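Here the structure comes first, spelled out in structure tokens, and everything after it is commentary.
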Amino acid sequence: MVKNILLACVLTAAGGYLLGSILFGVLISKVMYNDDVRNHGSGNAGMTNVLRTYGKLPAVFTTLGDVGKSVAAVNLGRFIFDALLSGTGAAWQNPLDPVCGADAGVSPYLGVYLAAIFAVLGHLYPLYFGFKGGKGVLVGAGAALATEPLVCAVLLAIFLIEVAVTRIVSLGSIIIAALYPVGTLINLIARGANLPTILFSTICCVIMAAMVIWLHRSNIERLKNGTEYRFGQKK
């Protein structure tokens, strides 16, 4: 069983990272414009820079791709753990089962969040694109959508309200990243999850949130100085 768990972890991490390394912003800019979006604006491969550089349609495609690859990574992690550990007593139908335990075996939450974390890492440091990617907001959103859809919906509403009021996309991204672990914690407690699941899931969300916020550190400095870009602002 231990060998199967280790193999499942390795395959899930590798699969999540390789999927996360697919930068749809770069691919779309190359296919549609024979260009690399990282050569413009903020230098990132994320949706915001695609929107500012090329417009709405490429930004929509980038959003769908980045969210979709994260959802795919999460489902891949679930599939791998199911295939390798389905005989260990893991209870796959109940997402509130413990992460590990004598009776429940290994919870799918281990595979789901492991895949999500490595998908974010792949987006931040993509293998296929010189380890220079985006800031992971949409990939984190995809992970939230696949694991905690209610939390994802609430965070999306908060993000849209913030952007509508301030027109600062980076501030909205930082806020929802910080609220992601809090929302997950509240949601799991409300659903009656046991302590191991609550702790494990919240810690994983904290890791993903910390990565996203860390990549926004230059934005945080500009926010402090009052020089951060507002959407629609003329240069």
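Of the residues that make up region 208-227, is at least one part of a helix (DSSP H, G or I), open to solvent by less than 50 Å² (accessible area, probe 1.4 Å) and more than 30 Å from Thr53 (Cβ to Cβ)? Taking every residue of region 208-227 in turn, none turns out to be part of a helix (DSSP H, G or I), open to solvent by less than 50 Å² (accessible area, probe 1.4 Å) and more than 30 Å from Thr53 (Cβ to Cβ).
Every condition in (1) surrounded by 15 or more Cβ atoms within 10 Å (Cβ to Cβ); (2) assigned to a helix (DSSP H, G or I); (3) at pLDDT 90 or above; (4) not hydroxyl-bearing (Ser, Thr, Tyr) holds for Gly111 except the one numbered (3).
Looking at the structure I just gave you, is Leu185 in contact with a helix residue (DSSP H, G or I) (Cβ under 8 Å, 6 or more places away or on another chain) and surrounded by fewer than 20 Cβ atoms within 10 Å (Cβ to Cβ)? Yes: the conditions hold for Leu185. Taking residues in region 55-70 that are more than 11 Å from Leu19 (Cα to Cα) and in a helix (DSSP H, G or I), and partners anywhere that are of a type in the set (A, V, I, L, M, F, W, C) and open to solvent by less than 20 Å² (accessible area, probe 1.4 Å), the pairs with Cβ atoms closer than 6 Å and at least 6 places apart or on different chains are Pro58/Val50; Ala59/Val50; Thr62/Val50. Of the residues Val169, Val165, Val151, the single one that is without any contact (Cβ under 8 Å) to a residue 40 or more places away in the chain and surrounded by 15 or more Cβ atoms within 10 Å (Cβ to Cβ) is Val151. Of all residues in region 23-45, which are crowded, with 19+ Cβ neighbours inside 10 Å and touching a helix residue (DSSP H, G or I) at 6+ places or on another chain (Cβ under 6 Å)? Listed by number, the residues that qualify are Leu23, Phe24, Gly25, Val26, Ile28, Ser29, Val37, Ala45. When Asp82, Asp103, Asp66 are checked against the criterion of being at pLDDT 50 or above, farther than 26 Å from Leu215 by Cα and not β-branched (Val, Ile, Thr), Asp82 stands alone in meeting it.
The values are calculated or read from the model by the stated rules, or taken from the named source; none is laboratory data. Keep in mind that this is a model prediction, so the values were computed, not measured. Cβ sites come from the backbone with ideal geometry, for glycine too, and all protein chains shown count toward neighbours. Heads up: the accessible areas ignore ligands, DNA and RNA and are worked out on the full protein's heavy atoms, side chains in. Shrake-Rupley method; radii C 1.70, N 1.55, O 1.52, S 1.80 Å.
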